[in-house]
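Here the structure is laid out as structure tokens; the discussion comes afterwards.
What follows is calculated from the coordinates using simple rules that are stated; it is not laboratory data. Computed from a predicted model, the values in this text were never measured in an experiment. Cβ atoms come from the backbone with ideal geometry, glycine included; neighbour counts cover every protein chain shown.
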Amino acid sequence: SSRAKATVADITATRAANRKLAREAVRQSLVLLRNDQNLLPLDPRQHVLVVGGADDIGKASGGWTLSWQGIGNANADFPTGSSIYGALKNQIENAGGTIELSEQGEFERRPDKAIIVFGEDPYAEGLGDVSDLQAPDLERVKKILLTLREQGIPTATVFLTGRPMWINPVLENSTAFVVAWLPGSEGGGVADLLLRDAKGEVQFDFLGRLSFDWPNDSLNAQDKEQPVENNLFPSGYGLNLASASLATLPELKLEPTKPNVRSEALASVMIFNARTHPDWEHFLGEPLGWQQRYGNGDQRSNGGQLRVRRADTFVQEDSVRLLFSGDGRQLNQWYWQAQAPKDLSRTLEEESMLNLMIAVNSYPSEEVTVRMDCVYPCSAAVSITNALKAFPLGDVRELAIPIRCFVENGLKVDRVDTPALLATTGALDITLSSVNIGAASAISTKMACN
């Protein structure tokens, strides 16, 4: 409170009232798109598996949260807040049930029901611009859903997003589906709708309605610059518990529309530009875990010899800084990977380059390689050690490596799943602001294959 002579009790009461109102706002905003078998709300007096990003208040808050892009925030930065998982855990355990949190869907004890939370990473302004409406992480989440379904485990999916997106492969395989938008630090508002109370009674019904049409395609098939015309749900749509039992899904378009790149001068593949493109995921790798998913904040590898954090190059938080601290005995790597291999043959036909926008902060102590994989162990590497040592410290330079170099070293370009991997056993400090496959710019440092 800003009132003169306000007491601690006044401030505490005001804070509690504000949180109560925020929690109610979350409850009223959630939109129910599917609820087969009357799955929701779940009885909390059972064993529930929670999968994905449910314990991340920063992800649930979006951009303009503590920082411009809203990334790099830990739950501890929200001392009075509650994550979705934290709220679920509190209600389930208070009702006598049990809960298990898993990133990839594995479990120690077979769950009665499962909840998957996935969605967009935080963004603000132009850094949130996308070339199509395909939601991130669809293939990974779909695989988890199929695995759970094969075991007879009903699953409710919760989607965190700031906008309507194409989510059909996940929607098709979910028993129930809820658009939670960005509930922020009041995860309790989500738990209130996903769970019954300790006596098995419904706590609240779904009241949220779509404020925009929900797309049935990722792109306008006729003109990618125009809005999607093939819509799945109209503005104003949203189920409640009664209507959901009678609702059936419209026909889902299960393959996304992609831009017709044949009409463009050069086939280009965006991998990273301020944020990782939805076609790819980013990972840290070393002997204690070769596929450690990066969460967009300040993160160390399990072995501690690779630290990754966001950095500023042209605008705030538009880059990743990679700090390798190896002593020559252990390989550490940073890479982007797809859920399924991609055919990049056209990039070879058109003499494309793997372009890396790099600032070298300290020179490498050991050899540094860039690798492309065609489903490991199929791979090809190119050394960039000398190129990095030739760059002035602190200057932002573009390094262009011909795709042909990787092909000559064994890459099968028709099935690439890892388009860029940086690896070294030594110490190195670099900042990456852009990674793509396409034409080299006029100011690039172009490497020769020999």
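Over the chain, one equal point on each Cα, no solvent: what is log10 I(q)/I(0) by the Debye formula at q = 0.06, 0.12 Å⁻¹?
The calculated log intensity ratios at q = 0.06, 0.12 Å⁻¹ are -0.29, -1.08.
Neighbour counts of other C-beta atoms within 10 Å: give me Ser61, Ser131 arranged from fewest to most. Please report the intermediate quantities before stating the final value.
On the way: Ser61 22, Ser131 13.
Least crowded to most crowded, the residues run Ser131, Ser61.
Applying 1/(1 + (r/R0)^6) with R0 = 30 Å to the Cβ-Cβ distance of Ser441 and Leu146, what FRET efficiency is obtained, to the nearest 0.05?
Details: r = 42 Å, r/R0 = 1.40.
Efficiency, from the Cβ-Cβ distance: 0.10.
May I ask you to list the GluC sites (Glu not before Pro) in the stretch 68-142 that are in a DSSP loop and have at most 14 other Cβ atoms within 10 Å of their Cβ? Intermediate results must be reported in sequence, preceding the final value.
Working: sites: Glu93, Glu100, Glu103, Glu106, Glu108, Glu120, Glu125, Glu139; in loops: Glu103, Glu106, Glu108, Glu120.
For GluC sites (Glu not before Pro) across the stretch 68-142 that sit outside H, G, I, E and B with at most 14 neighbouring Cβ atoms in 10 Å, the list reads Glu103, Glu106, Glu108.
Neighbouring Cβ atoms within 10 Å as the yardstick, rank Ser185, Ser67, Ser245 fewest first. Please list the in-between numbers first.
Details: Ser185 22, Ser67 17, Ser245 12.
Lowest count first: Ser245, Ser67, Ser185.
For the stretch 8-244, what is the convex hull (Cα atoms) projected area averaged across all directions, in square nanometres?
Numbers: hull surface 55.1 nm².
Averaged projected hull area, Cα only: 13.8 nm².
Could you pull out the pairs from Lys59/Lys199; Lys113/Lys143; Lys20/Lys113 whose alpha carbons sit more than 25 Å apart here?
Lys59/Lys199; Lys20/Lys113
Rg and Dmax of the stretch 262-446 over Cα atoms: what are they, in angstrom?
Here Rg and the maximum Cα pair distance are 15.3, 48 Å.
How big is the stretch 70-152 in terms of Cα radius of gyration and Dmax, in angstroms?
Rg, Dmax (Cα atoms, Å): 16.1, 46.
Using a cut-off of 22 Å between alpha-carbon atoms, which lysines can reach Lys389, once sequence neighbours fewer than 8 places away in the same chain are excluded?
Cross-link targets: Lys446.
At a Cα cut-off below 17 Å, give the aspartates and glutamates reachable from Lys412, other chains included and same-chain residues fewer than 8 away excluded.
Result set, ordered by chain and number: Asp343, Glu349, Glu350, Glu351, Asp373.
Where does the chain land at 222 nm, in deg cm²/dmol rounded to the nearest 500, when only DSSP H runs of n ≥ 4 count, each adding -39500 (n - 2.57), divided by all residues?
Working: 10 runs with 85 residues, N = 450.
Mean residue ellipticity, 222 nm, calculated: -5000 deg cm²/dmol.
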